[in-house]
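This report refers to the structure that appears directly beneath it.
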Amino acid sequence: MTTWGDFQAITQLSAGLNVAILSFVDISLPAIKERRRVFAKAREELEIHRKNPHKRTAAEKDDHAQAVGAVDRQLFDLWRETAAFESVEDSLMRSTGVFGFFGALLSLGLLWYSALHYNETLSRTGEILTFLSFLSLAGALCVNLFTASKASAYAKKCNQLREHMRLHL
C-alpha cells in the first residue's frame, strides 16, 4: 500500500518540471527566429538580384526579369504558407503557457496535499491526477518540438530557394 509520503518524490518531480515548462519555448524560439531571419535575408537577396547590373542586352534583361519573377512567386508562395502557419505557431506557443500554468497548479496542489496527508494511503484519484500533471509536460514538449520542426522545415525550404537564386540568377 503506497502512502502519499512514498509518492511525494514523484509529486515533487512533477511540480518542478511543470514550473520548468515555461522554459520549453526555448526549444522552438530559436527555430522561429531563424525562419524569420532567413525569409528577410531571402527577400533582400532577391532585391539585389532584381537590380543585377550585369545584364546588358534587352534579351538578357528580359530573361533575367522572368527568372527573378519566377523566384519571387516561389518565395511569395512559401511566405504565404508560413504566414498561415504563424497563427498556428502563436496558438501553439500560448498553449505551452496554458499547459505550464495548469500543470504547475495541479502539481503544486498535489504537493501541498501530499504534505498534509503524508502517511495516508494514496488513492487512485491521486495517482490519476499525478499522471495528468505529467501529461501537461508531454503536451508542452510535443507542441514545442513540432513548432521547432515546422519552423526549421520552412527555413530549409527558404534556404534552398536562396541557393537557387545564387546559382541561377
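The values are calculated or read from the model by the stated rules, or taken from the named source; none is laboratory data. These numbers were taken from a predicted model, which means no experiment stands behind them. Note that each Cβ is placed from the backbone with ideal geometry, even for glycine, and that neighbours are counted across all protein chains shown. Note: accessible area is taken over every heavy atom of the protein model, side chains too, but ligands, DNA and RNA are not part of it. Shrake-Rupley method; radii C 1.70, N 1.55, O 1.52, S 1.80 Å.
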Single residue of ARG166, ARG56, ARG94 found to be open to solvent by 70 Å² or more (accessible area, probe 1.4 Å) and not in a helix (DSSP H, G or I) | ARG56
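Results for (1) among the small types (Gly, Ala, Ser); (2) more than 22 Å from ARG73 (Cβ to Cβ), shown as yes or no for each residue.
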site	(1), (2)
GLY109	yes, yes
TYR113	no, yes
LEU116	no, yes
GLY126	yes, yes
LEU132	no, yes
LEU137	no, yes
CYS142	no, yes
ALA155	yes, no
CYS158	no, no
Output for region 56-76, where each listed residue is modelled with pLDDT of 95 or more and among the basic types (Lys, Arg) | ARG73
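So, GLN12, is that one open to solvent by 70 Å² or more (accessible area, probe 1.4 Å) and touching a Leu at 6+ places or on another chain (Cβ under 8 Å) or not?
In short, yes.
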Determine which single condition THR130 fails, assuming it passes every other condition in (1) open to solvent by 80 Å² or more (accessible area, probe 1.4 Å); (2) at pLDDT 90 or above.
-> (1)
Counting only residues that are within 10 Å of the chain's Cα centre (by Cα) and β-branched (Val, Ile, Thr), how many does region 15-41 have?
-> 3
Failed item in (1) of a type outside the set (Ser, Thr, Tyr); (2) over 21 Å from the mean Cα position of the chain (by Cα); (3) open to solvent by less than 60 Å² (accessible area, probe 1.4 Å); (4) within 30 Å of GLU45 (Cα to Cα), with ALA153 passing the rest = (2)
Would you mind stating whether VAL38 is exposed (fewer than 15 other Cβ atoms within 10 Å of the Cβ), out of contact with any Gly (no Cβ under 9 Å at 6 or more places or on another chain) and aliphatic (A, V, I, L, M)?
-> no
Within region 112-127, considering residues that are touching a Ser or Thr at 6+ places or on another chain (Cβ under 9 Å) and outside any helix (DSSP H, G or I), the one most open to solvent (accessible area, probe 1.4 Å) = ASN119
What pairs come up if the first residue lies in region 147-169 and is among the basic types (Lys, Arg), the second is loosely packed, with under 14 Cβ neighbours inside 10 Å, and their beta carbons are under 9 Å apart, counting only those six or more places apart or on different chains?
-> LYS150/VAL88; LYS157/GLU81; ARG162/LYS41
If GLY109 passes every condition in (1) assigned to a helix (DSSP H, G or I); (2) in contact with a Gly (Cβ under 7 Å, 6 or more places away or on another chain); (3) not hydrophobic (A, V, I, L, M, F, W, C) but one, which one does it miss?
-> (2)
Do we find that GLU81 is in contact (Cβ under 8 Å) with a residue 60 or more places away in the chain, open to solvent by 30 Å² or more (accessible area, probe 1.4 Å) and assigned to a helix (DSSP H, G or I) in this structure?
-> yes
Here are some conditions: (1) closer than 27 Å to ILE128 by Cβ; (2) open to solvent by 90 Å² or more (accessible area, probe 1.4 Å); (3) not polar (S, T, N, Q). LEU17 meets all but one. Which one does it not meet?
-> (2)
